[in-house]
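Written out below as structure tokens is the structure these notes cover.
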Amino acid sequence: MVVAGNPARGLGVIEPRGRQSDAIYFSPDRDMVALGTAGTGKTTMAVLRARFLADTGCSNHGPVLLVTYNNALVRYLRHLVPGANKNIRVETYGKFARGYLNSIGEMPVWNGILQTSHLRRKVADAVSKVRATYKPSPFFDFDTRFFVDELAWIADMGITDLHRYLNIERIGRKRGLNESRRMAVWKVRTAYLEARKANGIPYDWNDIATAVLNGLKNDTRPRKYRHVIIDEGQDLSPEAIRSLKAAVQPGGTVNFFGDYHQQIYGQGLSFRSCGLEITAVETFQDNYRNTAQIARVAIAMSDMPHMGAVPEDLVEPKEPSAGGTMPALVRCKDYGAEIAEIQRIALDQGAASVVGILTRTWPDAEAAVQGMRKVRKLRDDGNTPWDPTPGIYYGTYHSAKGLEFDVVLMPFCTEDDMPNKQVVDAYGKDDAANRDGKLLYVAVTRAKSELTVTYSGTITPLLPMDVGLWQLEEPS
């Protein structure tokens, strides 16, 4: 292996720390998996790994695709790869998939992908159609989100025939389904696909990965990328990762960076089911982002029962040595008082720090910053450059995935809001607690220096209340 200098040079503040070089300079001829807890620098490693593999001094250099799940993180990754590097492309998986299908003439000019806002309605119609063919059953009274999520899981796993669905272990699915109910789900899927086809819409954002994989299997053109780097890989489906593997040139590699504590999109799905040729897994426990006080809250969260059994891919977090301010848990008299307290702190800190106001839902995020000026929204089209200067960002826990802020403010952490009632209705209490517990973990671990959680009424049971974790406060 030949290394020409240090690919970190020119990236300013980004430099390898501790064992990060083990992943960055891992053999350029082999697929690589790096698993690490929050704050271990997975995104830093992913960026520097991309620079290493794209460098002409690397023995197996070539064009690199750096891919992740959401647009906010794409903005951040592009900020970490300054300048126009023609050998590195940064984009979401969705954009990659859409672009590839367009290149083989399989993506309509418009209306090619069913948008999320319309998907639930179509699935609900499919459920109603199938319900009419059965005797009355409480199964069809499940929240539509359950059926939407089950169809997404089927697509994420690349399941395209009934026999496989009837016999596969539903990994990560806490609500059990016997054979007759799986048959009913498959009929819902069939009705949904037929309705979509009738409207001339070939894909949704879940089954598009199978279309890409099938296209690549029959595509004799030279592959565009020598290497693929996947950041926040635990949130890409196995089928998406298989398609990325198929998009790599012969002799190229797939490089997976992830943390299964933070798996907030796919549920219980492992890189091990994706066909990567892995002989060793690099694991990272050293937390370089959070203070010891913030990390203690995260570690306590990771040990809570609702976070689920510890799978073989879960890396236990390790407390950092850097000290700081104890996280604040602020009990407010009502919803309005929470907003006032959050805005007071944000305005006080935003002049000198990057502040993130993070909530479970977008309506709550909008309410938290109502009336504030010059705040930056995390969700956008991914084309606006990331602004690292002091100021106030706001968004959902989902949109903050992979990012970091000097100060994180988390309002509305009550038992009425977490776990989210709609999620409970869709998946049951246990599954909802697992999903929203991981979301809270993601939000807490975005904080570099200061963390404030507010609530009114009763605090959510998804946060640990061990003695010594929080500075308990009430607004004056």
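The values are calculated or read from the model by the stated rules, or taken from the named source; none is laboratory data. Small disclaimer: the values here were computed from a predicted structure and weren't measured. Every residue, glycine as well, gets a Cβ built from its backbone with ideal geometry; the counts of neighbours run over all protein chains shown. In case anyone asks, the SASA skips ligands and DNA or RNA and just uses the protein heavy atoms, side chains included. Shrake-Rupley method; radii C 1.70, N 1.55, O 1.52, S 1.80 Å.
Using 0.36 nm per residue and subtracting the Cα-Cα separation, the extra length available between ASN420 and MET465 on full extension is 14.2 nm.
Full extension of the chain segment joining SER180 with LYS377 gains 66.4 nm, where the gain is 0.36 nm per residue of separation less the Cα-Cα distance.
Within the range 327-413, list the GluC sites (Glu not before Pro) lying in a DSSP loop whose Cβ has at most 12 other Cβ atoms in a 10 Å radius. List each step's numbers first, then the result.
Numbers: sites: GLU338, GLU341, GLU366, GLU404; in loops: GLU404.
Here no GluC sites (Glu not before Pro) fit, given the DSSP loop and packing criteria.
Step by step: find N for the range 175-223, compute 2.2 N^0.38 Å, then divide the Cα radius of gyration by it. What's the final number?
1.56
Proximity of backbone amide H atoms, modeled 1.01 Å from N, is registered between LEU66 and ARG89, VAL90, GLU91, ILE229 at under 5 Å, excluding neighbours fewer than 5 places apart on the same chain. The stretch between GLU106 and ALA292, if pulled fully straight at 0.36 nm per residue, gains 61.9 nm over its current Cα-Cα span. A crude spin-label estimate for the pair LYS333 and THR190, with each label 7 Å from Cα along the Cβ direction, gives 6.1 nm.
Ordered from longest to shortest, the equivalent ellipsoid semi-axes for the range 154-244 are 27, 18, 11 Å, each the square root of 5 times a Cα gyration tensor eigenvalue.
Normalising by the residue count of the chain, find the relative contact order in percent from Cα pairs under 8 Å and 6+ residues apart. It rounds to 20 percent for the chain.
Debye-formula intensities of the chain, expressed as log10 I(q)/I(0) at q = 0.06, 0.08 Å⁻¹, are -0.27, -0.49 (one equal scatterer per alpha-carbon, no solvent).
Measuring nothing but protein heavy atoms, the accessible surface of the chain at 1.4 Å probe radius is 50 percent carbon and sulfur. Would you be so kind as to identify which of ASN71, VAL123, TRP110 lies farthest towards the positive end of the dipole of the range 52-137, taking Lys and Arg as +1 and Asp and Glu as -1 on Cβ and the Cα centre as origin? Farthest towards the positive end: VAL123.
In this structure, the pairs whose alpha-carbon distance is over 20 Å, taken from LYS401/LYS421; LYS42/LYS374; LYS217/LYS401; LYS122/LYS187, are LYS401/LYS421; LYS42/LYS374; LYS217/LYS401.
When only alpha carbons are used to place a centre, the range 149-224 and the range 432-476 end up 36 Å from one another.
Probing with 1.4 Å while keeping every protein chain in the model, the per residue accessible area of the chain equals 43 Å².
Here's how it looks for TYR203: its modeled amide H is under 5 Å from those of LEU114, which are all 5 or more places away or on a different chain.
Each residue of the range 433-449 was assigned a 3J(HN,Hα) from its phi angle through the Karplus expression (A = 6.51, B = -1.76, C = 1.60, θ = phi - 60°), giving 5, 5, 5, 6, x, 5, 4, 4, 4, 4, 5, 4, 7, 6, 7, 7, 10 Hz with x at Gly and Pro. Is any residue of the range 222-258 close enough, with backbone N under 20 Å, to a label point placed 7 angstrom from the Cα of ARG17 along the Cα-Cβ axis, and if so, which? Taking a point 7 Å out along Cα→Cβ of ARG17, the residues of the range 222-258 whose backbone N falls under 20 Å are 231-232, 257-258. Over the range 109-163, all Cα pairs binned in 5 Å intervals from 0 give whole-percent P(r) values of 4, 15, 23, 23, 21, 10, 3, 1, 0, listed from short to long.
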